[in-house]
């Protein structure tokens with residue numbers, strides 16, 4: 001009876017278009033970031049990915065100052081930063097060092113620009129923590145299309161990126177275009193992170209690609225199995241997080257992250273047992 005009642009209630013809830021949109025967009029975006037995150041975790045680039053989200057904050061501040069839509073500017077800002085960071089990587093400057101410098105610089109710039117903008121700090125909370133339930137139809141279409149591009153890219157080049165992670169010099173020798181593939185990967189990662197700010201915001205977005213990927217690698221062990229486990233993990237977390245936030249009237253982004261964190265540590269505990 002309890003299960004039947006729960007299912008009936010959920011079906012009633014999905015009559016609302018904003019909930020349908022939140023679930024579909026969340027699953028597409030989460031799936032793309034989860035599989036992109038496998039490479040992030042394997043290359044120990046967690047700080048790099050998180051840093052890209054904070055760099056986007058500088059673009060948001062600039063857009064607010066200019067009085068234009070923030071997310072296109074944030075995408076351009078982050079893509080330029082990702083390409084620049086990739087270039088510094090080829091010049092033997094570590095990714096962590098580069099991102100550490102740009103991370104703090106861009107956040108400081110974003111705060112200054114927001115303070116100078118007409119809106120001031122009014123929308124700061126939505127930028128920092130996101131609001132998946134407020135995603136519009138146009139934004140939903142863009143996020144779904146870009147997510148599909150990201151998933152197709154990873155389907156085609158996941159082996160190349162895995163080899164590149166394990167042995168860069170050998171991979172560059174075997175695949176002369178590997179540097180181009182790596183830069184495309186960084187650009188897609190930057191764009192996906194900026195789009196995901198609508199879901200979790202600057203502060204929490206890294207959880208969307210780090211936690212599912214880490215869970216997938218722990219459970220799957222083998223590289224290819226990790227993708228499927230990460231996909232299942234992130235989709236369950238997003239769906240459950242949206243439902244939990246609706247029933248308990250709590251913020252959706254933090255609810256998703258709490259479920260992901262709880263799931264990860266549960267997996268870690270059971271794995272040790």
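The values are calculated or read from the model by the stated rules, or taken from the named source; none is laboratory data. Please read all numbers here as calculations on a predicted model, not as lab measurements. Backbone-built Cβ (ideal geometry, glycine too); neighbour counts: all protein chains shown.
Side notes on the structure shown:
- Options 195, 189, 200; residue that is over 26 Å from residue 245 (Cα atoms), in a helix (DSSP H, G or I) and touching a residue at least 12 places away in the same chain (Cβ under 8 Å): 189
- First in segment 167-184 and over 17 Å from residue 86 (Cα atoms), second anywhere and assigned to a helix (DSSP H, G or I), Cβ under 7 Å, 6 or more apart: 175/160
Matching residues to (1) over 19 Å from the mean Cα position of the chain (by Cα); (2) surrounded by fewer than 22 Cβ atoms within 10 Å (Cβ to Cβ); (3) at positive phi; (4) modelled with pLDDT under 85:
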| position | (1), (2), (3), (4) |
| --- | --- |
| 184 | no, yes, no, no |
| 192 | no, no, no, no |
| 211 | no, no, no, no |
| 222 | yes, yes, no, yes |
| 228 | no, yes, no, no |
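- Taking every residue in segment 58-69 that is free of Cβ contacts under 8 Å to residues at least 60 places away in the same chain and pairing it with any residue that is surrounded by 18 or more Cβ atoms within 10 Å (Cβ to Cβ) and in a loop (DSSP other than H, G, I, E, B), at least 6 positions away or on another chain, the pairs with Cβ-Cβ distances below 6 Å are 64/117; 65/117.
- The residues on offer are 240, 232, and the sole one that is closer than 22 Å to residue 195 by Cα, free of Cβ contacts under 8 Å to residues at least 12 places away in the same chain and either over 16 Å from the mean Cα position of the chain (by Cα) or surrounded by fewer than 19 Cβ atoms within 10 Å (Cβ to Cβ) (or both) is 232.
- In the set (1) part of a helix (DSSP H, G or I); (2) modelled with pLDDT of 75 or more, the condition left unmet by residue 3 is number (2).
- The set of residues in segment 36-57 being more than 16 Å from residue 202 (Cα to Cα) and in a helix (DSSP H, G or I) consists of 36, 37, 38, 39, 40, 41, 42.
- Test: residue in segment 12-35 that is surrounded by 20 or more Cβ atoms within 10 Å (Cβ to Cβ), more than 20 Å from residue 146 (Cβ to Cβ) and either at pLDDT 65 or above or in contact with a helix residue (DSSP H, G or I) (Cβ under 6 Å, 6 or more places away or on another chain) (or both): no
- Options 262, 216; residue that is modelled with pLDDT of 85 or more, under 22 Å from the mean Cα position of the chain (by Cα) and either surrounded by fewer than 15 Cβ atoms within 10 Å (Cβ to Cβ) or outside any helix (DSSP H, G or I) (or both): 262
- Restricting segment 132-182 to residues that are exposed (fewer than 13 other Cβ atoms within 10 Å of the Cβ) and within 17 Å of residue 45 (Cα to Cα), the residue that is modelled with the lowest pLDDT: 167
- Single residue of segment 248-259 satisfying the filter (without any contact (Cβ under 8 Å) to a residue 24 or more places away in the chain and under 19 Å from residue 135 (Cα atoms)) that is nearest to the chain's Cα centre (by Cα): 255
- Checked against the criteria, residue 246 counts as in a helix (DSSP H, G or I), in contact with a helix residue (DSSP H, G or I) (Cβ under 8 Å, 6 or more places away or on another chain), modelled with pLDDT under 85 and under 30 Å from residue 269 (Cβ atoms).
- Among (1) surrounded by 24 or more Cβ atoms within 10 Å (Cβ to Cβ); (2) out of contact with any helix residue (DSSP H, G or I) (no Cβ under 7 Å at 6 or more places or on another chain) - the single one residue 205 does not satisfy: (2)
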